[in-house]
Amino acid sequence: MLRQVLKMGVPSLLQPSQKILAAEFNTPELLALIEDLVDTQKHYGGVGIAAPQIGINKQLVIIEYYQADISRYNDIGDCPRLVMINPQLTPLGTDNTTYNEGCLSLPGLRGEVSRPEKIAYQYYDPQGVFHSGETAGFLARVMQHEYDHLVGILYPMRMNDISKLAFIN
Ligand code: NI
């Protein structure tokens, strides 16, 4: 079901989200919430969405994108649907990269954000299975952007130069 996406200025976007409890894994309620996030992300053409963006302050993000569908980025590859629950991220190395980010909670805006290039990640899937790994580049960036939603950070709060916040056209 399509849900309303909260926009910057709504106080709950700045609140930290609660961990999802073991008892919630694989429940109809959790799976329905995931479907709503998938539907909403697809409708608005995002590459990721976090539960607090639809007013649910729980530690749940969806990432899904396919290069063929996305013209605003080049060389991002494909990320089949990734559901990350209670994610933890750790920067690896000291390399940072700057990239032009957008967010469904700031429609029409883009801004340059510097983030660690490579990260280690840990998360649970909807069935409660633990996953861990490392990634770099675009996926690492999207993970960090979505993780920030779970701790109440929107990307302009990460910008080194707020004068680079701009409308797309
Ligand atoms: Ni966002």
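The values are calculated or read from the model by the stated rules, or taken from the named source; none is laboratory data. Small disclaimer: the values here were computed from a predicted structure and weren't measured. Neighbour counts are summed over all protein chains in view; Cβ atoms, including those assigned to glycine, are modelled from backbone coordinates with ideal geometry. These accessible areas exclude ligands, DNA and RNA; they are computed on the full protein's heavy atoms, side chains included. Shrake-Rupley method; radii C 1.70, N 1.55, O 1.52, S 1.80 Å.
How many residues does the range 3-33 hold that are open to solvent by less than 70 Å² (accessible area, probe 1.4 Å), under 23 Å from Tyr155 (Cβ atoms) and not in a loop (DSSP other than H, G, I, E, B)?
So the answer is 2.
How many of the residues making up the range 93-113 are within 16 Å of the ligand (Cβ to nearest atom) and not aliphatic (A, V, I, L, M)?
11
Among the residues of the range 46-64, is there at least one that is more than 14 Å from the ligand (Cβ to nearest atom), within 26 Å of Ala140 (Cβ to Cβ), hydrophobic (A, V, I, L, M, F, W, C) and in a loop (DSSP other than H, G, I, E, B)?
Among the residues of the range 46-64, at least one is more than 14 Å from the ligand (Cβ to nearest atom), within 26 Å of Ala140 (Cβ to Cβ), hydrophobic (A, V, I, L, M, F, W, C) and in a loop (DSSP other than H, G, I, E, B), which makes the answer yes.
Does the range 147-169 contain at least one residue that is modelled with pLDDT under 95 and surrounded by 12 or more Cβ atoms within 10 Å (Cβ to Cβ)?
Within the range 147-169 (the criterion being modelled with pLDDT under 95 and surrounded by 12 or more Cβ atoms within 10 Å (Cβ to Cβ)), the answer is yes, since at least one residue qualifies.
Quick test of your reading of the structure: Tyr123 fulfils all but one of (1) within 15 Å of the chain's Cα centre (by Cα); (2) surrounded by fewer than 16 Cβ atoms within 10 Å (Cβ to Cβ); (3) without any contact (Cβ under 8 Å) to a residue 40 or more places away in the chain. Name the failing condition by number.
Among (1) within 15 Å of the chain's Cα centre (by Cα); (2) surrounded by fewer than 16 Cβ atoms within 10 Å (Cβ to Cβ); (3) without any contact (Cβ under 8 Å) to a residue 40 or more places away in the chain, Tyr123 violates only (2).
Only residues that are among the hydrophobic types (A, V, I, L, M, F, W, C) and either part of a strand (DSSP E or B) or within 16 Å of the ligand (Cβ to nearest atom) (or both): list them for the range 34-45, please.
Leu37, Val38
Restrict the check to the range 59-67 and report whether at least one residue is farther than 14 Å from Met1 by Cα and exposed (fewer than 14 other Cβ atoms within 10 Å of the Cβ).
Yes.
Somewhere in the range 80-93, is a residue surrounded by fewer than 18 Cβ atoms within 10 Å (Cβ to Cβ) and more than 16 Å from Val142 (Cα to Cα)?
Checked against the condition, which is being surrounded by fewer than 18 Cβ atoms within 10 Å (Cβ to Cβ) and more than 16 Å from Val142 (Cα to Cα), the range 80-93 yields at least one hit.
Just give me the residues in the range 114-149 being among the aliphatic types (A, V, I, L, M) and within 11 Å of the ligand (Cβ to nearest atom), in sequence order.
Scanning the range 114-149 gives a single hit, Val142.
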